[in-house]
Amino acid sequence: MEKAASSPSVGGSYPQKNAEILSSQYGINLFLAGLLLTFAWAVHAVGISKSHLLSYLITLMLIQLLWMLWYLCRSCTQKRLIRDKDTHAGARWLKCGITLFAVITLILDSFKIGYYIDFSNCLSPTEGIFPVTHAMHTILQVYFLWCHAKDIIQSFKTLERFGVIHSVFTNLLLWTNGVLTESKHQLNEHKERLITLGFGNITIVLDDHAPQCNCTTTTLCSIFSQGIYYLYPFNIEYHILASTMLYVLWKNIGRKVEHHQQHKTPFKFHGITVGMIFGLIVLTSTIAIVVVYLIQIGRSKIKSELALTMFYLHAIFVLALMCTAGIVALLIYRLEDRSLDNSKNPARKLDAELLVGTAAGSWLLSWGSILAIICAQAHPKYTWYNLPYSVLVIIEKYIQNLFIIESIHREQEKVNDDIKTLRIVTISRGSTLSLTASYKEIYNDRAARDSGEVPCLFTGSICGRENGGGGAKEETSQENSSVMHSGSDFSFYSRNSVTNNKRRVLKNIAAFLFLCNLSLWIPPAFGCRPEYDNGLEEIVFGFEPWIIVVNLAMPFSIFYRMHSAASLFEVNCKT
């Protein structure tokens, strides 16, 4: 009988599991086809042009637009229905971040439209259609994520799985296209700088995809072509954030959730002044270093070596500070005795997996640099700074990943900070007595009221009067009770003070690491990449192999810093 009763539920799960498997395979094949098309265009394969790649991407975006419109229309017709929501998904700060990146992406699309108009005589029409379609796709997708990122879909589940996974891999392909385009531009600049550094034995062949005609307005063309590549880092972050949010939505389809109240954790600047000040100092100095680096690199061999030395020394100092801050935070956690939240949470699980997975990009580059330093026969002076820099990159990510993952899995304190100690002063027999109710008494007062009992909160005069007592025994009992409460209050205040100090230190560390990760995102995102410019790795591994490694690993390294900053912002709100 038990088997018969359980069989329908087990059998009912098969269609959902099959739909999940089928939709994931559909998405992977969609992505692989686009990836090969992108690779074919990048290597100038015969018969494959940029218009073919853009046509494929336009088709994917149009299909996603149709699905999002259908979902939005269906949601409007079912407004009165109460829907389950994943309170952990689609945080407001995450939506604000993706909106900021989307606005800059729209500026990028407008630059592409202007670039197409200036070179319209020799460009394919798809290069004009693509930015227009992409702009519409961006606007609707941001609106969709703002309204429905928290949804737990329980109807049309099979269809919705295919729609959401299509959206996930469409954004991943747009991210890949952006990464490749930006990497090709960085590679061309890098090849030109290698000659300045004296690496004349490396064959320099520029990978040029420039239009084969003259621009109608030279000044505007220069602004558009240069501006596009400075905006690509924001476009890249926009698409990877969108794909992660959509992936969480896909994982939540058909999920059964426990209905419990989720405490909001707003961001507060109070108490994190020290962390913010040190973080802003790091951020300001990093921006200055990047500006000087981009100006000096490639001007001459001496200036390039000075720029590399300056970058390495600054990065070593920042990474050492981050390692120290992370170790202090982990030591504080070891001193606390708080359980971990192991409940099912797709958003939290994805955050942890992305932290470790994308850190592998930086680790690959760091181990490559360490091996090159060990194996190289000649070592210019500036390359020795690369050794401690690479070692610190590996250690810092180890420590930071452990801190973030433990932080997002720690259960929040259930004690409300707004609960205050109640102190009542009464006058008895001409003397003033301070009667203090400890926190535990106030907290337990709720249980007493629920059971119908009147709590005797104020031990001494009040209860004594109600019981008709007024003798010496009651006074002695009252005084002893007052002393006991004073001792209890002192112990409570002491524990509370230590806890608050720990929380304040953790919040300052999270704020500091947040700004440091934003700082370390800026250099590689805007072209400050010593992995390209020091030249040592290219001599040891060969030019083409090392460039392939850098182009594959660098996007993950850049994303790691932005994702870490987002996770640390959440840690700061939660602490």
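Things to note:
- For region 366-381, the Karplus equation 6.51 cos²θ - 1.76 cosθ + 1.60, evaluated at θ = phi - 60°, returns couplings of 5, 5, x, 5, 4, 5, 5, 5, 5, 8, 5, 7, 10, 10, x, 4 Hz by residue, with Gly and Pro reported as x.
- Backbone N within region 504-530 under 15 Å of label point (7 Å from residue 273 Cα along the Cβ vector): 504-505, 508
- Here each label is just a point 7 Å from Cα along the line to Cβ, and for residue 284 and residue 22 those points are 6.0 nm apart.
- Our coupling estimate for region 521-529, obtained by passing each phi through the Karplus curve with A = 6.51, B = -1.76, C = 1.60 and θ = phi - 60°, is 6, 5, x, x, 5, 10, x, 8, 10 Hz, Gly and Pro reported as x.
- You can think of it this way: the chain between residue 159 and residue 255 has 33.0 nm of extra reach, that is 0.36 nm per residue less the Cα-Cα gap.
- Cβ-based net charge around residue 518, under 14 Å, with every Lys or Arg adding one and every Asp or Glu removing one: 0
- Under the combined filter of DSSP loop state and at most 11 neighbouring Cβ atoms within 10 Å, region 268-312 retains these trypsin sites (Lys or Arg not before Pro): 268.
- 16 Å cut-off, amide nitrogen to a point 7 angstrom out along residue 301 Cα→Cβ, residues in region 367-411: 378-383
- Between the amide H of residue 48 and any residue lying 5 or more places away or on another chain, no distance stays under 5 Å, with hydrogens modeled in the peptide plane.
- For residue 410, the residues whose amide H sits under 5 Å from its own are 341, ignoring neighbours fewer than 5 places away on the same chain, with H placed 1.01 Å from N.
- R0 of 22 Å, Cβ-Cβ distance residue 394-residue 184: FRET efficiency to nearest 0.05: 0.20
- If R0 is 25 Å, the Cβ-Cβ spacing of residue 143 and residue 349 corresponds to a FRET efficiency of close to 0.40.
- Distant-in-sequence amide H partners of residue 150 (H built 1.01 Å from N, under 5 Å): none
Here, each number is a calculation from the coordinates, and none is a lab measurement. As the structure is a prediction and not an experimental result, all values here were calculated from the model. Virtual Cβ from ideal backbone geometry, glycine too; neighbours counted across all protein chains shown.
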